[in-house]
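Engineer: Before we start, here is the structure in question, set down as structure tokens.
The values are calculated or read from the model by the stated rules, or taken from the named source; none is laboratory data. Keep in mind that this is a model prediction, so the values were computed, not measured. For neighbour counting, all protein chains shown are included, and Cβ atoms are generated from backbone atoms with ideal geometry for every residue, glycine included. Quick note on the areas: whole protein, heavy atoms, side chains included, nothing else; ligands and nucleic acids left out. Shrake-Rupley method; radii C 1.70, N 1.55, O 1.52, S 1.80 Å.
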Amino acid sequence: MLLLSRSDLEKLLSMREVIESVERAFLELYNGKAKVPLRTIIEVEKQNGFILYMPSYLEDSEALAVKVVSLYPENPKKGLPSVLASILLNDPKTGAPLALMEGTYITAMRTGAATGVATKYLARKDSKIAGIIGAGVQARTQLWAVCEVRDIEKVLVYDINPENARKFAEEISKKLGIEIKTVESAREAVEKSDILIVATTAREPVVKGEWIREGTHINSIGWVGRYARELDSETVRKSKLVVDSKEGVLNESGDIIIPMKEGVIDESHIYAELGEIVAGVKEGRENDKEITLFKSVGLAIEDAITAKLAYEKALEHGVGTKVEL
């Protein structure tokens, strides 16, 4: 079996390739070529954390994997990332384990890639300014993916911790070669953006619908359970809502569940799953005025296909450590 560390994966994976792979995974899902059970979630209430077990299988891509991922919002206070993960990749022909790899980086890459796919179909073609609320690990790959599919010229970033925003601006402006400016409020980031990335562990809304101008595309990836949300109900109501998984958001996403309980929206407000848009069954953005929203809870098929890509590239380049179980 091959062991792949984070440093191995950073050498192997490019965002453009991961976006292409994740887009293909959504197409396979739509075409009935994927098996992705609803993930098993264990809440570790004593530590304010969650553990998720996420298996999936993509038939055409021959990607069979399970990810174990934890979400502990208090971890940064302990010097640890809020998200930690590992992925086991198996051979679908025999069931034999092929690789065990660090999953936190893959989680960030594939989540960014899903946003990249959604942005490709839902954001205005002339989008130039991106806004970010939440300058954590996920925001880095989110912005990277958005910049792969749109010509972003300027970024406005807000974080509840101003130092996080400052470090993000300094680091990522060098990496991506674009202007990144910190702002003093979430409202400023929202009001001035063509594309908005919301990547928080907020339990109460950090985005209000009244701030959002027409033509904005929103990517919302924050998740801490059924009873928490980062978007207010008005944001969801006034948006054309696209999700990664209808079953997933209806079971797990407070951003959708809470407005439904309030009677602000019902299930029919979900315009499409992303796979339907990738397959061309439904249109993405239809005009420059509509507000579009991609709400993601994360799908295991994204992990499986990214892990398969990493494994194939590792074999090609002789990267990783071989071990015998």
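Engineer: For SER245, which of the numbered conditions (1) over 20 Å from LEU156 (Cβ atoms); (2) of a type in the set (Gly, Ala, Ser); (3) out of contact with any Leu (no Cβ under 7 Å at 6 or more places or on another chain) fails to hold?
Structural biologist: Every condition holds for SER245 apart from (3).
Engineer: I would also like to ask the following. Identify all residues within the stretch 130-157 that are open to solvent by 50 Å² or more (accessible area, probe 1.4 Å) and over 17 Å from the mean Cα position of the chain (by Cα); write none if there are none.
Structural biologist: Correct list: ASP151, GLU153, LYS154.
Engineer: Regarding the stretch 77-84, can at least one residue be identified that is assigned to a helix (DSSP H, G or I), farther than 25 Å from LYS322 by Cβ, at pLDDT 95 or above and of a type outside the set (Val, Ile, Thr)?
Structural biologist: Scanning the stretch 77-84 turns up no residue that is assigned to a helix (DSSP H, G or I), farther than 25 Å from LYS322 by Cβ, at pLDDT 95 or above and of a type outside the set (Val, Ile, Thr).
Engineer: Return the residues of the stretch 285-325 that are of a type in the set (A, V, I, L, M, F, W, C), part of a loop (DSSP other than H, G, I, E, B) and either open to solvent by 70 Å² or more (accessible area, probe 1.4 Å) or over 30 Å from LYS128 (Cβ atoms) (or both); say none if nothing qualifies. So that I can check it myself, show each step before the final result.
Structural biologist: As a first pass, look at the stretch 285-325 and keep what is of a type in the set (A, V, I, L, M, F, W, C): 291, 293-294, 297, 299-301, 304-305, 307, 309-310, 314-315, 319, 323, 325.
If we keep only those that are part of a loop (DSSP other than H, G, I, E, B) too, we end up with 291, 297, 299, 319, 323, 325.
Within the stretch 285-325, VAL319, VAL323, LEU325 qualify.
Engineer: To continue, here is another question. Scan the stretch 136-149 and report the pairs whose first residue is touching a residue at least 60 places away in the same chain (Cβ under 8 Å) and whose second residue is open to solvent by 40 Å² or more (accessible area, probe 1.4 Å) and in a helix (DSSP H, G or I), with Cβ atoms within less than 6 Å and a gap of 6+ or a chain change.
Structural biologist: Matching pairs, first to second residue: GLU148/ARG16; VAL149/LYS120.
Engineer: Among the residues of the stretch 8-29, is any in a strand (DSSP E or B) and of a type in the set (Val, Ile, Thr)?
Structural biologist: Keep residues of the stretch 8-29 that are in a strand (DSSP E or B), which gives none.
Looking for residues that are in a strand (DSSP E or B) and of a type in the set (Val, Ile, Thr), one finds none in the stretch 8-29, hence no.
Engineer: Turning to a different aspect of this structure: Looking only at the stretch 219-252, filter to residues that are among the basic types (Lys, Arg) and in a loop (DSSP other than H, G, I, E, B); which one of those is farthest from the chain's Cα centre (by Cα)?
Structural biologist: First pass over the stretch 219-252, keeping only residues among the basic types (Lys, Arg): 226, 229, 237-238, 240, 246.
The next check asks that each one be in a loop (DSSP other than H, G, I, E, B); those that pass are 226, 229, 238.
Working: ARG226: 17, ARG229: 15, LYS238: 22 Å.
Per the criteria, the residue is LYS238.
Engineer: Which ones in the stretch 274-284 are in contact (Cβ under 8 Å) with a residue 60 or more places away in the chain, of a type in the set (Gly, Ala, Ser) and either open to solvent by 70 Å² or more (accessible area, probe 1.4 Å) or part of a loop (DSSP other than H, G, I, E, B) (or both)?
Structural biologist: Across the stretch 274-284, the qualifying residues are ALA279, GLY284.
Engineer: So, in the stretch 44-94, of the ones that are of a type in the set (Asp, Glu) and surrounded by fewer than 14 Cβ atoms within 10 Å (Cβ to Cβ), which residue ends up nearest to ALA202 (Cα to Cα)?
Structural biologist: GLU74
Engineer: Looking only at residues that are under 20 Å from the mean Cα position of the chain (by Cα) and small (Gly, Ala, Ser) in the stretch 61-76, which one is modelled with the lowest pLDDT?
Structural biologist: SER70
Engineer: Run down SER127, SER193, SER173, SER185 and say which single residue is polar (S, T, N, Q), over 17 Å from TRP223 (Cα atoms) and crowded, with 24+ Cβ neighbours inside 10 Å.
Structural biologist: Details: SER127 fails: crowded, with 24+ Cβ neighbours inside 10 Å; SER173 fails: crowded, with 24+ Cβ neighbours inside 10 Å; SER185 fails: crowded, with 24+ Cβ neighbours inside 10 Å.
So the residue among SER127, SER193, SER173, SER185 that is polar (S, T, N, Q), over 17 Å from TRP223 (Cα atoms) and crowded, with 24+ Cβ neighbours inside 10 Å is SER193.
Engineer: Given the conditions (1) open to solvent by less than 10 Å² (accessible area, probe 1.4 Å); (2) over 28 Å from PRO73 (Cβ atoms); (3) in contact with a Ser or Thr (Cβ under 7 Å, 6 or more places away or on another chain); (4) among the hydrophobic types (A, V, I, L, M, F, W, C), report the number of the one that ALA99 does not fulfil.
Structural biologist: Going through the list (1) open to solvent by less than 10 Å² (accessible area, probe 1.4 Å); (2) over 28 Å from PRO73 (Cβ atoms); (3) in contact with a Ser or Thr (Cβ under 7 Å, 6 or more places away or on another chain); (4) among the hydrophobic types (A, V, I, L, M, F, W, C), ALA99 breaks only (3).
Engineer: Of the conditions (1) within 28 Å of ILE42 (Cβ to Cβ); (2) modelled with pLDDT of 95 or more; (3) open to solvent by 10 Å² or more (accessible area, probe 1.4 Å); (4) not charged (D, E, K, R), SER233 clears all except one; give me its number.
Structural biologist: (1)
Engineer: Consider TYR271 carefully, then state whether it is farther than 30 Å from LEU98 by Cα, hydroxyl-bearing (Ser, Thr, Tyr) and open to solvent by 20 Å² or more (accessible area, probe 1.4 Å). Can you show your working first?
Structural biologist: Values: farther than 30 Å from LEU98 by Cα: yes; hydroxyl-bearing (Ser, Thr, Tyr): yes; open to solvent by 20 Å² or more (accessible area, probe 1.4 Å): yes.
So TYR271 fits the description; yes.
Engineer: Tell me, which strands (runs of 3 or more DSSP E) lie completely within the stretch 105-218 with 2 or more residues that are in contact with an Asp or Glu (Cβ under 8 Å, 6 or more places away or on another chain) and under 29 Å from ILE305 (Cα atoms)?
Structural biologist: 129-133
Engineer: Looking at the stretch 249-272, can you tell me whether even one residue there is among the small types (Gly, Ala, Ser), in contact (Cβ under 8 Å) with a residue 40 or more places away in the chain, out of contact with any Lys or Arg (no Cβ under 7 Å at 6 or more places or on another chain) and closer than 25 Å to ALA25 by Cβ?
Structural biologist: No, that holds for no residue.
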